Amino acid sequence: MKGDLLMPMNNQRKINHKISGATKVFGIIGQPVKHSLSPMIQNTISSFLNHDNIYTAFPVLEPNKLHQAIQGAHALGIQGFNVTHPYKQDVISLLTHVDPLALKIGAVNTLKYEDEGYSGYNTDAQGLYQSLVQHGISLKGQDIIIIGAGGAARAVAMMVADHGANRIYILNRTMNNGKLLAIEVKKHYNIDIKYLSLEEWDGLPQSTICFQTTSLGMGQTKDQAPIEEDGFYEKITTAVDLIYSPSKTTFLKKAEKQGSYIINGFGMLFYQAVKAYEIWNNLVLTNSQLASLQEQVEKEYQSFNE
Ligand code: NAP
């Protein structure tokens, strides 16, 4: 999953605590990482909790240097990383332990320092699940449509199967990629899963939860949705778009017009960061902390867009 999402240039965050020799260092590894939102979110979390942590971006410019980067970071005692495009898969072979869900997804976006090496997790999937919980959405026994079959779709598919979905329909532009994803999911879960083209929505059941996981709907494609026909949206009770900018994509607008409950990708982004922070610092934030923190992160994010 390309994952870590991009932000405007003025993404500096003022650090309002003193950095000392005891300050714990965290960061994000990827290429490019200059525009990543993670430093803003992670430094907002540590300021909010008054922790002596600092988080910055570490571009790994050449893929063949990833091994050295991880080894060096561990030798330096860097306490944790997020990992983003293009290293979420390649990093797995460099870890001493990988969380079972991350292994099924085949991608790791969070590393935690342990004495013997780094442990890997996938908090994108956990973050998306947490965002659904926050909206009161349960996956158990539900029919799920996933539009897309890339890295993000894979995390969604494993996550919904893991949480007891009834049936999964993958709709993708390139049917073979949908097929490959269906095969991967079936390797790990005994779940009914079908793959279809984007045009084959007519036979889908009513009352589904639909995840839009393609990049269509942002930037130059902001006026497009992967499926344009209104009839498709009549089948959806809850529409989830992984994109968070724009906050209401064409996909979400169409779903809302047909009466669906809509959720954008900001909650996923926020909770994947929170989950990583919790893993690194061995803590669990309370609901009231999460509510204030989300407000603060949203405010910081808005200030970048002004
Ligand atoms: P990816 O691995 O490159 O997969 C892209 C998917 O989009 C593929 O299924 C591709 O179909 C489809 N696609 C691309 N262009 C399309 C078009 N013009 N029409 C129809 N389908 C198209 O990308 P990814 O890593 O999965 O990321 C996908 C999206 O998820 C991005 O927008 C990313 O920003 C978002 N995301 C959000 C979060 C969050 O925290 N909110 C986290 C991770 C990712 P083909 O198979 O036919 O090529």
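The values are calculated or read from the model by the stated rules, or taken from the named source; none is laboratory data. Every value quoted in this text rests on a predicted model; they were computed, and no experiment measured them. Please note: Cβ atoms are built from the backbone with ideal geometry, for glycine as well, and neighbour counts cover all protein chains shown. Each accessible area value is taken on the protein alone, full model and side chains, heavy atoms only, with ligands, DNA and RNA left out. Shrake-Rupley method; radii C 1.70, N 1.55, O 1.52, S 1.80 Å.
Diagonalising the gyration tensor over the Cα atoms of the range 92-196 and scaling each eigenvalue by 5 before taking the square root yields semi-axes of 25, 17, 11 Å, largest first. In sequence order, the range 40-47 has phi-based couplings of 4, 5, 5, 6, 5, 5, 5, 5 Hz under the Karplus curve 6.51 cos²θ - 1.76 cosθ + 1.60, θ = phi - 60°, and Gly or Pro positions carry x.
Ignoring lysines fewer than eight residues from residue 88 along the same chain, the ones with Cα atoms less than 16 angstrom from its Cα are 2, 65, 104, 112.
Measuring nothing but how far apart in sequence close Cα pairs (under 8 Å, 6+ apart) lie, relative to its length, the range 59-195 scores a relative contact order of 17 percent.
From most to least packed by mean Cβ count within 10 Å, the peptides 119-125, 59-65 give 119-125, 59-65. For trypsin sites (Lys or Arg not before Pro), the sites in the range 68-145 that DSSP calls loop and that have at most 10 other Cβ atoms within 10 Å are 140.
The residues of the range 171-306 have, on average, 50 Å² of accessible surface per residue, using a 1.4 Å probe with all protein chains present.
Where q = 0.15 Å⁻¹, what log10 of I(q)/I(0) comes from the Debye formula for the chain, counting one point per Cα? Scattering profile of the chain, log10 relative to I(0): -1.21. Taking every alpha-carbon pair in the range 243-292 and binning the separations at 10 Å intervals from zero gives 23, 37, 25, 14, 1 percent.
The packing ranking, built from the mean of other Cβ atoms within 10 Å per residue, places the peptides 245-251, 187-193 in the order 245-251, 187-193, highest first. Rounded to the nearest 20, the size of the Cβ-charge dipole of the range 104-158 about its Cα centre is 240 debye, with Lys and Arg at +1 and Asp and Glu at -1. Along the range 187-195 the Karplus relation, 6.51 cos²θ - 1.76 cosθ + 1.60 evaluated at θ = phi - 60°, assigns HN-Hα couplings of 5, 10, 9, 8, 9, 6, 9, 10, 10 Hz to successive residues, with x for each Gly and Pro.
Measuring nothing but how far apart in sequence close Cα pairs (under 8 Å, 6+ apart) lie, relative to its length, the chain scores a relative contact order of 15 percent. Positive-end ranking of 160, 120, 80 along the dipole of the chain, with charges on Cβ about the Cα centre, is headed by 80. Give the average over all directions of the projected area of the C-alpha convex hull of the range 196-257, one decimal, in nm². Convex hull of Cα atoms, orientation-averaged projection: 3.9 nm². When +1 charges are put on Lys and Arg Cβ atoms and -1 charges on Asp and Glu Cβ atoms, the dipole computed for the range 19-106 relative to its Cα centre reaches about 80 debye. Specify whether the C-alpha gyration tensor of the range 154-306 places it in the rounded, prolate or oblate class, a ≥ b ≥ c being the square roots of the eigenvalues: rounded for a/c under 1.5, otherwise prolate if a/b is larger than b/c and oblate if not. Oblate, because a/c is 1.5 or more while a/b does not exceed b/c. Proximity of backbone amide H atoms, modeled 1.01 Å from N, is registered between residue 145 and 169, 209, 210, 211 at under 5 Å, excluding neighbours fewer than 5 places apart on the same chain. Most simply put, the chain has about 20% antiparallel DSSP beta bridges, counting only bridges with both residues inside it.
When the P(r) is computed for the range 145-242, the part past 20 Å accounts for 31% of the Cα-Cα pairs.
About the centre of its Cα atoms, the chain shows a dipole size close to 280 debye [charges on the beta carbon of Lys, Arg (+1) and Asp, Glu (-1) only; nearest 20 debye]. Simple rule: put +1 on each Lys or Arg Cβ and -1 on each Asp or Glu Cβ in the range 198-306, find the dipole, and look at 280, 204, 297; the Cα lying farthest toward the positive end is 280. Just the number, please: carbon plus sulfur as a percent of the accessible area of the range 223-306, 1.4 Å probe, no ligands or DNA/RNA counted. Answer for the range 223-306: carbon and sulfur cover 44 percent of the accessible area. Farthest toward the positive end of the dipole of the chain, out of 21, 66, 249, is the Cα of 21, where the dipole comes from beta carbon charges about the Cα centre.
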